[in-house]
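Visitor: Structure in structure tokens, see below.
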Amino acid sequence: MTPMPLIFAATCDIAGKVRGKAFPADQLEKRLSRGVGWVPTNVQITCFDSIAESPFGSLGDLLLVPDPACEVKVAFGDGAAEHFMLGDIITLDGEPWAFCTRQILRDALDRLHGLSGARLFSAFEHEFQLKGTGLPNEGFGRNAFENQRALMETLMGALKAGGLTPDSIMKEYGPHQFEVVVAPEIGVASADAAVILRELTRSAARSAGEEATFAPILDTASVGNGVHIHLSFQDDAGTPLTHDENGPCGMSDLTDAFAAGVLRYLPNILALTAPSVVSYERLTPHRWSAAYNNLGFRDREASLRVCPVTARDPAAIARQFNIEYRAADAAACPHLALAAVVHAGCQGIEDGLRAPAATEDDLSLLSPDELAARGFTRLPETLEAALDAFAGNDTVTGWFPATFAEVYRAHKDAEIAHLAEMDTDAKCAAYAETY
């Protein structure tokens, strides 16, 4: 019997999981227009495969339509090539479905362009861990890298074959932890690339007899795995708009207002960018993650960081200059996380906000009153508190489709309920299995 090649039509849902349906490859032309069937209540499948309370019940039908711009076909060894395509969820009338995460991001990007004429140029920087012990005492170590060189080279080759532009890869500080970076992309393509990177990392690890996890934290006595989102702006002609040598920390007026909006609403969007229960074990002071709504200049403790550049001439500096959102992890759908950050930045532009001065001190030493006097706040310390901050802000919930906040809260409540009887170690282990 001759195997039938299949293509997997995929969506990255609000749980940050990639789900979908496969079809015979010789049906591609038909599926590009007609898609495959999808069900509204699928949006309420949590990362643990429980189904949260759904307003849709058993009713309704949708289509998941693959996007040829997001086609990935990569062979690992002698087996069948992995072949998938990210796509969009639409109604039977051909309209975008309100809970399609790619469409939610498009709406945010359209808002940014309408307000400023800017297009977002961004990249997701990922940390992940291989399960098992690895070599001890090898933070950033060459020996640990060489021990996994074959896997790292396979992964970088897979990313290139999958249509991405590999930038760098290294052994990170944590046990069996690595960091992989791809080049930035314009618009939705950046979040698409983040999804593809995660899937190909898992596949490359599996092909090498390893198992990769992007879970936010595996051991609270050790490090966590973050996702850092690098952001810059261009006009329609590709001219950089992010840098002004005379602006605060080198930020242009556009970047300054955008950053101010992100910082103002960071406590309210955290439930979308760091959406797991154990995300909040990582977002604590002195973990080089994010704990306050502060701007930092080359400071890896800040939630929003102005990154260094290596160029010397003004034109090259303008092309390299970017800011980095650090309060995120891979439990988040990249499209949803980026949409939240972009909407927050847009609100800063609309409201004419100015970013606070970059911090250079240890904010954990300040009392709540001292923080408030300087315009800072400790970020929510639990997922429940983050969800309250999201649902309780009408401005923020208004950025998203009607009923989105209600559906998202129900989804996350079901995730929290699944873990209710577990201790912290068991919760970390549960997320390590699913992400």
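The values are calculated or read from the model by the stated rules, or taken from the named source; none is laboratory data. Please read these numbers as outputs of a predicted model, since none were measured by experiment. Because the Cβ atoms are built from the backbone with ideal geometry, glycine has one as well, and the counts that use them run over all protein chains shown.
Visitor: Out of F121, F178, F145, F140, report the one residue that is buried (at least 21 other Cβ atoms within 10 Å of the Cβ), in the same structural domain as F258 (by TED's automatic domain parsing) and in contact with a Lys or Arg (Cβ under 7 Å, 6 or more places away or on another chain).
Guide: On the way: F121 fails: in contact with a Lys or Arg (Cβ under 7 Å, 6 or more places away or on another chain); F145 fails: buried (at least 21 other Cβ atoms within 10 Å of the Cβ); F140 fails: buried (at least 21 other Cβ atoms within 10 Å of the Cβ).
Just one listed residue meets the conditions, F178.
Visitor: Identify all residues within the stretch 293-316 that are of a type in the set (A, V, I, L, M), touching a helix residue (DSSP H, G or I) at 6+ places or on another chain (Cβ under 8 Å) and in contact (Cβ under 8 Å) with a residue 12 or more places away in the chain; write none if there are none.
Guide: Taking the stretch 293-316 as the starting set, the residues that turn out to be of a type in the set (A, V, I, L, M) are 295, 302, 304, 306, 309, 311, 315-316.
Okay, now just the ones that are also touching a helix residue (DSSP H, G or I) at 6+ places or on another chain (Cβ under 8 Å), so 295, 304, 306, 309, 311.
Listed by number, the residues that qualify are L295, L304, V306, V309.
Visitor: Just a yes or no: is a residue in the stretch 7-23 without any contact (Cβ under 8 Å) to a residue 24 or more places away in the chain and either touching a Phe, Trp or Tyr at 6+ places or on another chain (Cβ under 9 Å) or surrounded by fewer than 18 Cβ atoms within 10 Å (Cβ to Cβ) (or both)?
Guide: Narrowing the stretch 7-23 to residues without any contact (Cβ under 8 Å) to a residue 24 or more places away in the chain: 22-23.
Retained after the next criterion (residues that are either touching a Phe, Trp or Tyr at 6+ places or on another chain (Cβ under 9 Å) or surrounded by fewer than 18 Cβ atoms within 10 Å (Cβ to Cβ) (or both)): 22-23.
Checking the stretch 7-23: at least one residue is without any contact (Cβ under 8 Å) to a residue 24 or more places away in the chain and either touching a Phe, Trp or Tyr at 6+ places or on another chain (Cβ under 9 Å) or surrounded by fewer than 18 Cβ atoms within 10 Å (Cβ to Cβ) (or both).
Visitor: Also, quick follow-up: Which residues, taken from the stretch 46-66, are in a strand (DSSP E or B) and buried (at least 16 other Cβ atoms within 10 Å of the Cβ)? Spell out the reasoning first.
Guide: Of the stretch 46-66, the ones in a strand (DSSP E or B) are 51, 62-66.
Once the filter is applied, which keeps residues that are in a strand (DSSP E or B) and buried (at least 16 other Cβ atoms within 10 Å of the Cβ), the stretch 46-66 yields L62, L63, L64, V65, P66.
Visitor: With P314, P285 as the choices, which residue is closer than 21 Å to D256 by Cβ and surrounded by fewer than 24 Cβ atoms within 10 Å (Cβ to Cβ)?
Guide: Working: P285 fails: closer than 21 Å to D256 by Cβ.
Step by step, each of P314, P285 is checked, and only P314 is closer than 21 Å to D256 by Cβ and surrounded by fewer than 24 Cβ atoms within 10 Å (Cβ to Cβ).
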